[in-house]
Amino acid sequence: MSKLIILRSFTGLTLAFCGFTALAFGQGGGATSPAPAPGGNTGSAPGGGASIPGRGNNPGNTQPRMPDTPPPMEMPQPVFLSGKVQMDDGTPPPSSVIIERVCNGSVRPEGYTNAKGHFSFSLGQNNAVLADASNSGMSDMGGRMGGVPSNFGGLAGSRGQSTAINLMGCEIRANLPGFRSDVISLAGRRPMDNSEVGTIILHRMGKVEGYTFSGTSSYAPRDAKKAYEKGLDAVKKNKLEDAEVSLQKAVDIYPKYAVAWYELGTIYQKQKKLEDAARCYQEALKADGKYVSPYVQLTRLAASTQNWEMTADYSGKLLKLNPYVSPEMFFYSAVANLNIHKLDIAEEHAREGLKMDSQNRNPRMNQVLGVVLAQKSDFLGAAASMKTYLKLAPNAPDLEQVKKQLEEIEKQLPDAAASAKKPE
């Protein structure tokens, strides 16, 4: 088959996803995912029409009666939730954990735990979490991450029903890559109920060696921790130069402070100082080789320069340490291995990424798989994957290009079918 099947087109495809930030990646230090304040009570408006003097409400009025003012639309009252997350050994989580609401399979991040594992928030009110969650090209392709369809799990009320909240089929869970979370059902919960939902337990998954937090943090001296926390506070205020000074001080005091090296790298990356950023990520890995967050950023940096060998290397090491971090890493690995002609790995990782991406937030994974299968002469499978991509992303900017790819693949189908029928 002709090699016109898009090896070069993946340059633009990969770059489109370099801004992706998975929820868990900012958990190592917390600077990239600050905990939002609990949402405020919106209250509800009283219903009923008002008495309007001179318009039929007074017995002596001879003017024609005007219709009563319709009752105003009542706003739903918020549902507050509070509780805590702990590990299955009874200890608090080693880093900030995202609390997600899952309604009939649709996931929405709602809040974060504090340093002791406690959380408190109002459902649907924490826009800061949503901003973090939707910070990727992937989510844009498949709908904003965390969006909940209006037909279920909604918080919308109706006129005269300020407590008409439908949480049937909804539950909350904690999200920490490499750990399985217990869930707590929200079915039947009302605005005036006690906010306390209890404790969510996290269970360590087997065959996971790397995490989005670093064990070296617990050994940091007090002065290093103080400088690190000061740096995180400066990041939240967007004072990047002050953050750089404080984080540099933290690693000078404690060179094995992996999360501080990582956060310092993100500061340089935001300032487009990519060589300095890569150096900091490498220092983080020297301090803690099982801390996976630096691998995430190094993978993105390598992909942004189309260094497919390095992209495959970094993403491959990360996936060996922790395959549960994000489908994004399977996507990068699949694209990189396709470009360096390691098709078996590319196919395996594209399929694994699709399994993880159950909500189709990154439809292009199907396109990657289609190209891989076409390169392996599985034209029937390639055509099916391409059609799935076109179905999931009907407004994709590369729509015409993908249609041409599909046409080229379908031209091979008769020959492929004939070859399959030939006796051995």
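The values are calculated or read from the model by the stated rules, or taken from the named source; none is laboratory data. All values derive from a computational prediction rather than experimental measurement. All Cβ positions, even for glycine, are placed from backbone atoms using ideal geometry, and neighbour counts span all protein chains on display.
General observations
- Single residue of Ala227, Ala278, Ala234, Ala260 found to be among the small types (Gly, Ala, Ser), at pLDDT below 95, assigned to a helix (DSSP H, G or I) and in the same structural domain as Phe331 (by TED's automatic domain parsing): Ala234
- Qualifying residue in the range 179-187 (condition: more than 23 Å from the chain's Cα centre (by Cα) and without any contact (Cβ under 8 Å) to a residue 12 or more places away in the chain): no
- The range 217-239 - residue that is among the hydroxyl-bearing types (Ser, Thr, Tyr) and surrounded by fewer than 16 Cβ atoms within 10 Å (Cβ to Cβ) and, of those, farthest from Pro323 (Cα to Cα): Tyr219
- Selection from the range 312-348 of residues that are outside any helix (DSSP H, G or I), of a type outside the set (A, V, I, L, M, F, W, C) and modelled with pLDDT under 95: Asn322, Pro323, Tyr324, Ser326
- Considering residues of the range 168-216 that are at positive phi and at pLDDT below 90 only, the residue surrounded by the most Cβ atoms within 10 Å (Cβ to Cβ): Gly178
- Looking across the range 244-266, just one residue is surrounded by fewer than 24 Cβ atoms within 10 Å (Cβ to Cβ), touching a residue at least 12 places away in the same chain (Cβ under 8 Å) and either within 17 Å of Ser95 (Cα to Cα) or among the acidic types (Asp, Glu) (or both), and that is Glu244.
- Hits in the range 277-288 - residues which are farther than 17 Å from Ala220 by Cα and either touching a residue at least 24 places away in the same chain (Cβ under 8 Å) or buried (at least 16 other Cβ atoms within 10 Å of the Cβ) (or both): Ala277, Ala278, Cys280, Tyr281
- Residue within the range 351-361 that is polar (S, T, N, Q), crowded, with 21+ Cβ neighbours inside 10 Å, on the phi < 0 side of the Ramachandran plot and assigned by TED's automatic domain parsing to the domain that holds Tyr389 present: no
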